[in-house]
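Data first, discussion second: the structure below is written as structure tokens.
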Amino acid sequence: MRFNAVKHGILSRCTVLPHEDAAEFADLLAALVDEHQPAGATEMHLVEDLAAIMWRKRRVMVAEGATINRGLLSVVNDRHDEDWHSPSPVMAAVPFERGLPKQGTDLRDLVGMSPADVTERQREAQHDLAATERAAAILRRGGDDAYDKALRALLPDSRDWWQEYVDDEEYPATAEGLAEFIREHLMPLCIAMQRQAQHHEAIKAQAIGEGLQVHRLEKIARYETHLDRKFERTLAMLVKLKELRSGR
């Protein structure tokens, strides 16, 4: 029954595009035929019309998802300046929070993180900040072995970063040099990462919100409304025909 309907119905042949699954449409049409039990060519045409509308509405959802994905890709790949001409979603998400990173944030990583990833990122950021604060406190207290103690207090990644600066002779390998490095580079980075992790949900929502680009979805929404109205009219016509046939 279902394959005969697809084979002989004009709407069925025109509705399914070459790259789409004709069997899926046949299943949809068969379900509607089973539900409405059309009698005659006119009622069958209306049932096919309902199937075609539902099939096109599925395309609308696919188009909406593709539009949102393209908008998100545009947002995460954009190069955002530090001025207000193109503010980063990170800065826009929490506009009155100081210390957030202005650049270098991988939005794709942030948006794709699971709740467990977020919790781990927050833990790591807090741990890194605490270690940096301990090292800075050791250097402020001073003493003959302050440099070595402070260095041991830092996490391995921070020590590696410090060593790069020392190798490039940008800072001397002294307590004073390490204190300056922490003050100018390490501490601001740790604070930025800790606050970024703290405000992850707001930043993610901002990035997704900017990626939606509502103006691009308006045409899709209007088309979906058109299909809804067409579905309602077609269903009403089918119900009316069935009522007339039954003598109600």
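The values are calculated or read from the model by the stated rules, or taken from the named source; none is laboratory data. Small disclaimer: the values here were computed from a predicted structure and weren't measured. Cβ placement follows ideal geometry from the backbone for every residue including glycine, while neighbour counts extend to all protein chains displayed. Side chains are part of the model used for accessible areas, which takes the heavy atoms of the whole protein and leaves out ligands, DNA and RNA. Shrake-Rupley method; radii C 1.70, N 1.55, O 1.52, S 1.80 Å.
Comparing GLY71, GLY209, GLY112 in a Gaussian network model of the chain (Cα springs below 10 Å), the most mobile by mean-square fluctuation is GLY112. Of all aspartates and glutamates in the structure, those lying under 17 Å Cα to Cα from LYS57, and not within fewer than 8 positions of it along the same chain, are GLU20, ASP21, GLU24, ASP27, GLU48, ASP49, GLU218, GLU224, ASP228, GLU232.
Annotation: per residue accessible area for the chain equals 62 Å², rounded to a whole number [probe 1.4 Å, protein chains only].
Relative to the longest principal axis of the Cα atoms of the chain, the long axis of helix 22-36 makes an angle of roughly 60 degrees. In the chain, the longest principal axis of the Cα atoms and the axis of helix 187-198 are about 30 degrees apart.
Fully extending the segment from LYS230 to SER246 would add 3.3 nm, taking 0.36 nm per residue of separation and subtracting the current Cα-Cα distance. At R0 = 41 Å, how high is the FRET efficiency between ALA130 and SER74 if r is their beta carbon distance? Nearest 0.05 is fine. With a Förster radius of 41 Å, E is 0.65. Think of it as helices only: each DSSP H run of n ≥ 4 in the chain is worth -39500 (n - 2.57), and spread over all residues that comes to -24500 deg cm²/dmol at 222 nm. Its relative contact order, with pairs defined as Cα atoms under 8 Å and 6+ residues apart, puts the chain at 28 percent.
How many angstrom separate the Cα center of region 176-238 from the Cα center of region 99-169? Using only Cα atoms, the two centres lie 28 Å from each other. Computed from the C-beta positions of SER114 and LEU189 and an R0 of 25 Å, the FRET efficiency is 0.55 to the nearest 0.05. On the chain, 53 percent of the accessible area sits on carbon and sulfur atoms, based on a 1.4 Å probe. The stretch between VAL239 and ILE220, if pulled fully straight at 0.36 nm per residue, gains 4.0 nm over its current Cα-Cα span. Between ASP168 and ALA23, the FRET efficiency from the beta-carbon distance, with R0 = 45 Å, is close to 0.10.
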